[in-house]
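Structure, as structure tokens:
The values are calculated or read from the model by the stated rules, or taken from the named source; none is laboratory data. All values derive from a computational prediction rather than experimental measurement. Cβ atoms come from the backbone with ideal geometry, glycine included; neighbour counts cover every protein chain shown. Note: accessible area is taken over every heavy atom of the protein model, side chains too, but ligands, DNA and RNA are not part of it. Shrake-Rupley method; radii C 1.70, N 1.55, O 1.52, S 1.80 Å.
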Amino acid sequence: MIIKEFRELVRDHRTLALLVAMPLLLLVVFGYAANFSVDRVDTAVVGPEAEQVAGTLPGFFDVSTTEPSEGEDDARDLLRDDIVDVALVTGEGGTRALVDGSNLFAAQSAVAALKTSGQGMTVEVLYNPDLKTSWVMIPAIIGLILTFIGTIITSIGLVREREAGTLEQLAVMPIGPSTVILGKVTPYFVLAALDMAVVTVLGMLLFDVPFNGHVLTFALGAVLFLLVVLGIGIFISTISQTAGQAIQSAFFVLLPQILLSGMIFPLEAMAAGVRWIGYLLPLTYFTMISQGVMLRGAPITALWLPLVVLAVMALVVFTAATLRFRRDLAPERKVKDQPRSTDRSRSPA
């Protein structure tokens, strides 16, 4: 029995990969990514004394912008568009430090560093004045809920057809694979959109999370993100034979998005190699959009990069799922294969 179980385990490549890869993934994540301490923050210094103040800042403040001709309005725009984490406004009345509170861990580290710098700056935290964790987590949790629905629930859809034996019936219907996928995705898309609306409203009511941006910008980001996670779920269902395999694969995709998307651990605190894995995950970009719209009121022009990345991801994932699914739902291929098998049965051999 022991030998038999080992043989079955070796044949089940998916379970074997989960047993081997998951501990390694957790080791790497918690070794290199599980860090709440931010080593540096992107900083802009504006105002007539920008050059002098920038030269006196500790190394913790990574000064990327020094503009003596700009003022406080320009500094606030840099923070709103997520270009910098801290903006120092210099002038005759002293130096004021504006901190982006939507980037919670960077803001906490920056406020602590400014208070201990000994330069007597006035510190103002924007977008999350009390540095509440819930204000930062709720926009990310919205994306996590959508990821759960889109990846796990959707991945079981086609597998259920295969297990029930109705996949062959879909193959002989006069519709293409893309149409079948559209029919499968639409109900989950509607339900996930309703869940997103409910969670967003409840988050605002229960935790006083603001919504400072435009609803249409948030909706566009949510639609693109939903298409990505639904496409991933469909793709998983095309490579799975049973519901158990689909759940295993979906869990393998879901866990990195929880740990490496910046929802729990800040991307700035991760090692470079692990951080780039986070930039390959769709939840990372939806979190940028949701936090940008809800907390900072960022316009669509400031969020064009995550929107474009999600659009490209959706196109790639749905194309891959359609091509993969075409092998199972290609009536013309089944029709062509049938005469050849009939001819062989009628041959003298």
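Here are the numbers for the structure shown:
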item	result
Exposure rank, largest accessible area first [TRP304, TRP135; 1.4 Å]	TRP304, TRP135
Segment 191-248-segment 104-174 distance, computed between alpha-carbon centres (Å)	9
Considering only the chain, percent of DSSP beta bridges that pair antiparallel, nearest 5	20
All aspartates and glutamates inside 14 Å of LYS4 as judged from Cα atoms, apart from same-chain residues fewer than 8 positions distant	ASP12
Rounded, prolate or oblate (a/c below 1.5 giving rounded, otherwise prolate when a/b exceeds b/c) for segment 100-190 by Cα gyration tensor	prolate
Full-stretch length increase - ALA21, LYS115 - with 0.36 nm per residue and alpha-carbon distance subtracted	29.5 nm
Most fluctuating residue given options GLN52, GLN241, GLN291, as computed from a GNM of the chain linking Cα atoms under 10 Å	GLN52
Protection proxy ranking of 266-272, 151-157 - average other beta-carbon atoms within 10 Å, highest first	151-157, 266-272
Evaluated over the chain, the Cα radius of gyration and Dmax, each in Å	25.5, 101
Residue-by-residue Karplus 3J(HN,Hα) for segment 85-98, coefficients 6.51, -1.76, 1.60, Hz, glycine and proline x	9, 9, 10, 9, 10, 9, x, 5, x, x, 10, 10, 9, 9
Burial order of peptide ranges 72-80, 222-230 (average beta-carbon count within 10 Å, highest first)	222-230, 72-80
Mean Kyte hydropathy of -1.0 or more with a Cα span along the axis of at least 30 Å, helices from DSSP in the chain	177-207, 215-238, 304-326
Among beta bridges that DSSP assigns inside segment 17-138, antiparallel share in %, nearest 5	20
Rounded, prolate or oblate (a/c below 1.5 giving rounded, otherwise prolate when a/b exceeds b/c) for segment 69-141 by Cα gyration tensor	oblate
